[in-house]
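The values are calculated or read from the model by the stated rules, or taken from the named source; none is laboratory data. Everything numeric in this text was worked out from a predicted model, so none of it was measured. Here the Cβ positions follow ideal geometry from the backbone for every residue, glycine too, while neighbour counts run over all protein chains shown. Quick note on the areas: whole protein, heavy atoms, side chains included, nothing else; ligands and nucleic acids left out. Shrake-Rupley method; radii C 1.70, N 1.55, O 1.52, S 1.80 Å.
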Amino acid sequence: MGLKLTRHADNPVVPAVGVPRAGQCADWRGGGPIVIDHTGSRMRLVEPNPERLDTLFGWFDNDAAVRRWGGPVMRIPMSRTSMEEDAQIGVLASYFLVDDQEVLGFGQYYDRLNRCHLGRLVICPNRRGERLGQQLIERLVHDGHQRLGLSEQSLFVLDDNHRAIALYQRLGFTFAHYPGNDGMGDEVRYMVRRARSISS
């Protein structure tokens, strides 16, 4: 699936196939060589396909979880088709974190205010607590730096999402004032991470 990096656009719909139950990670195999990094991790980013998108859809079992993940643009109740349309999957740079067995996480990035802005980050529900969020973020940041040429990052987070905030702060993100109206509401906070060395 080719990706066009842009801020806003509609995206094509990929038809749904069988949907896993909520919380299921689903096996993942194929799609090219496994890359093993210097830590020995077999995790890597891969592009969406119908099966991975079905797995992502199965991670959300209520409307609050959908809004918490996707923000106010997500239609409620969310369907498999509206998820892909509203999240602009296939238009924004959208990737799954996988290892050689499972789909572990999902996230997006794009250029927002000359920063690599991370969005719609989520980890498979039954794999949370394993620091996979850090793996996902650092891989997205590395890829975004390579593709966008931006060395600073940003993201939005709900002010009551304490676990996510703790992760972001551990990774060097700090709260910042968003210039202008972000349209997100008072409960959403803006965080940035200043320029830092990113290995190529």
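General remarks:
- Take the conditions (1) within 28 Å of Pro179 (Cβ to Cβ); (2) in contact with a Cys (Cβ under 7 Å, 6 or more places away or on another chain); Arg127 misses just one of them, which is (1).
- Here Gln146 passes the criteria (1) without any contact (Cβ under 8 Å) to a residue 40 or more places away in the chain; (2) open to solvent by 40 Å² or more (accessible area, probe 1.4 Å) except the one numbered (1).
- Scanning the stretch 149-170 for residues that are surrounded by fewer than 16 Cβ atoms within 10 Å (Cβ to Cβ) and part of a loop (DSSP other than H, G, I, E, B) returns Gly149, Asp159, Asp160, Asn161.
Residue by residue, here is whether (1) of a type in the set (A, V, I, L, M); (2) touching a Leu at 6+ places or on another chain (Cβ under 9 Å); (3) in contact (Cβ under 8 Å) with a residue 40 or more places away in the chain holds:
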residue	(1), (2), (3)
Phe96	no, yes, yes
Asp100	no, no, yes
Phe106	no, yes, yes
Asp111	no, yes, yes
Cys116	no, yes, no
Pro125	no, no, yes
Arg128	no, no, no
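- Flag if Leu56 is surrounded by 14 or more Cβ atoms within 10 Å (Cβ to Cβ), at pLDDT 50 or above and of a type outside the set (Gly, Ala, Ser): yes
- Residue list for the stretch 59-94, restricted to those being farther than 26 Å from Glu187 by Cβ, in contact with a helix residue (DSSP H, G or I) (Cβ under 9 Å, 6 or more places away or on another chain) and open to solvent by 10 Å² or more (accessible area, probe 1.4 Å): Arg80, Gly90
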